[in-house]
Amino acid sequence: MDRRSFFGTGIAAGAAVTATKDAKAQGKRMFKLKYAPHFGMFRENAGDDLLDQLQFMADQGFTAMEDNGMMSRPVDIQEKIARKMEQLNMTMGVFVANADFANKTFIKRENRDMLVDKVKAAVEVSKRVNAKWTTVVPDAYDNNIEWDYQTANVIENLKWCADVCEPSGLVMVLESLNPWKDHPGLFLTKIPQAYMICRAVNSPSCKILDDLYHQQITEGNLIPNMDMAWDEIAYFQMGDNPGRKEPTTGEINYKNVFKHIHDKGYTGVMGMEHGNSKPGKKGEMAVIEAYAACDDF
């Protein structure tokens with residue numbers, strides 16, 4: 001499927017132009033890409049209330065938000081978040097459907113029913129909060145099973161899960177995590193590996209989440225890998241390395257990376273899955289200024 005079908009062109013582009021003009025008329029910051037903070041990132045400035053945090057994000061020019069823990073929130077809170085985001089014209093980014101790092105779930109056929117049930121629950125949450133993407137991590141590998149058998153089982157389990165997602169349009173995005181610093185022992189670690197799996201599953205509901213922080217640690221070569229896997233990438237996340245803080249605090253040239261993603265026509269969400277390098281209100285404002293600087297291309 002053409003990736004443009006995930007994000008839309010014509011009408012959506014016209015609406016974006018109108019929104020940009022309105023925001024500029026109000027003197028509001030406008031980012032070129034849909035950077036998505038998470039709850040807690042701006043708590044010092046916005047307070048503890050989640051809806052106030054959303055309002056602060058929107059006031060700073062952010063047009064998206066992601067929440068890994070959305071599935072664990074009470075239904076009434078999910079609904080309140082969705083209503084506030086709709087009011088603010090914000091896009092809901094990813095929430096996590098599966099990331100059971102300690103167990104060997106996707107590599108075993110006997111876990112299929114459990115995985116399908118997880119995805120069914122994720123579909124219901126996605127409908128409630130207007131989400132298009134949900135994060136899926138295939139979890140740990142098993143040293144006692146040949147690697148190719150594990151890969152075959154992951155592909156088959158994902159096909160079953162994709163069948164559940166397709167009618168609603170929910171897209172599972174597979175996240176490759178670095179095996180060195182943060183998540184040793186996991187099955188999925190590289191973008192080429194995720195690309196091969198997505199091609200084998202062959203579903204519009206199984207794509208790649210390219211987390212640039214993890215991939216800088218695992219393999220680097222961020223832009224060439226991005227280009228080679230482009231047809232299967234549906235979502236980005238970032239953090240700088242070392243430290244997993246905001247752009248400009250480490251070795252990744254995020255200004256070039258963001259420009260490349262923008263120039264390729266990407267209009268999806270860019271998840272800000274990192275911490276703040278400095279504490280307090282000033283530290284939170286430094287995050288915003290870092291994105292403004294990297295978005296200035």
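Any read-out appearing in this document is the output of simple, stated calculations on the displayed coordinates, not a laboratory observation. Nothing here was measured: the structure is a model prediction, and the numbers come from that model. Neighbour counts are summed over all protein chains in view; Cβ atoms, including those assigned to glycine, are modelled from backbone coordinates with ideal geometry.
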Where the Cα pairs of the stretch 185-295 fall when distances are cut into 10 Å bins, in %: 14, 45, 30, 10, 1
Label point distance in nm, residue 72-residue 230, each placed 7 Å from Cα along Cα→Cβ: 3.8 nm
Dipole magnitude of the stretch 110-179 about its Cα centre (Cβ charges: Lys, Arg +1; Asp, Glu -1), debye to nearest 20: 520 debye
Sequence of 180, 133 once ranked by neighbouring C-beta atoms within 10 Å, starting from the fewest: 180, 133
The stretch 52-189: antiparallel DSSP beta bridges as a percent of all, rounded to 5: 10 percent
Orientation-averaged projected area, Cα convex hull of the stretch 116-163 (nm²): 3.7 nm²
Other-chain or far-sequence residues with amide H under 5 Å of residue 211's (modelled H): 176, 237
Computed E for residue 296/residue 59 - FRET, C-beta separation, R0 22 angstrom, nearest 0.05: 0.65
Rounded tilt (10° steps) of 50-59 against the dominant C-alpha axis of the chain: 60 degrees
Residue 171 long-range amide H proximity, modeled H, under 5 Å: 133, 134
The stretch 219-297: relative contact order in percent, alpha carbon pairs under 8 Å with at least 6 residues between: 34 percent
Helical contribution to [θ] at 222 nm, DSSP H n ≥ 4, -39,500 (n - 2.57), averaged over the chain, rounded to 500: -14000 deg cm²/dmol
Against the rule of thumb 2.2 N^0.38 Å, how large the Cα Rg of the stretch 70-207 comes out: 1.07
Stokes-Einstein D for the stretch 39-81, Kirkwood Rh over Cα pairs, 10 °C, 1.306 mPa s (µm²/s): 146 µm²/s
Under the Karplus curve 6.51 cos²θ - 1.76 cosθ + 1.60, θ = phi - 60°, whole-Hz ³J(HN,Hα) for the stretch 282-296, x wherever Gly or Pro sits: 5, x, 5, 5, 5, 4, 4, 5, 5, 5, 4, 5, 6, 8, 8
Of all DSSP beta bridges in the chain, antiparallel share, percent nearest 5: 5 percent
Label-reachable residues, the stretch 127-161, where backbone N falls under 16 Å from a point 7 Å from residue 79's Cα toward its Cβ: 127-130
Viscosity 1.306 mPa s, 10 °C: Kirkwood-radius Stokes-Einstein D of the chain over Cα pairs, µm²/s: 81 µm²/s
Per-residue Cβ neighbour rank within 10 angstrom, fewest leading, 183, 274, 260, 214: 260, 183, 274, 214
Spin-label model distance (nm) - residue 264 vs residue 29, 7 Å beyond Cα toward Cβ: 2.5 nm
Residue-wise HN-Hα coupling along the stretch 151-160, computed from phi with Karplus coefficients 6.51, -1.76, 1.60 (Hz; x: Gly, Pro): 4, 4, 5, 4, 4, 5, 5, 5, 4, 4
Interchain or long-range residues, amide H under 5 Å from residue 248's placed H: 254
Residue 281 versus residue 103: modelled label distance in nm, points set 7 Å from Cα along the beta carbon direction: 4.5 nm
On Cα atoms only, tilt of 112-129 relative to the major axis of the chain in degrees: 20 degrees
Likely footprinting exposure, 94, 116, 75, fewest C-beta neighbours within 10 Å first: 75, 116, 94
Between helix 75-88 and the chain: long-axis angle, C-alpha atoms, 0 to 90°, nearest 10: 50 degrees
3J(HN,Hα) from dihedral phi, the stretch 239-256, Karplus parametrisation 6.51/-1.76/1.60, rounded to Hz, x for glycine, proline: x, 8, 10, x, x, 6, 10, 5, x, 5, 9, x, 8, 7, 7, 5, 4, 5
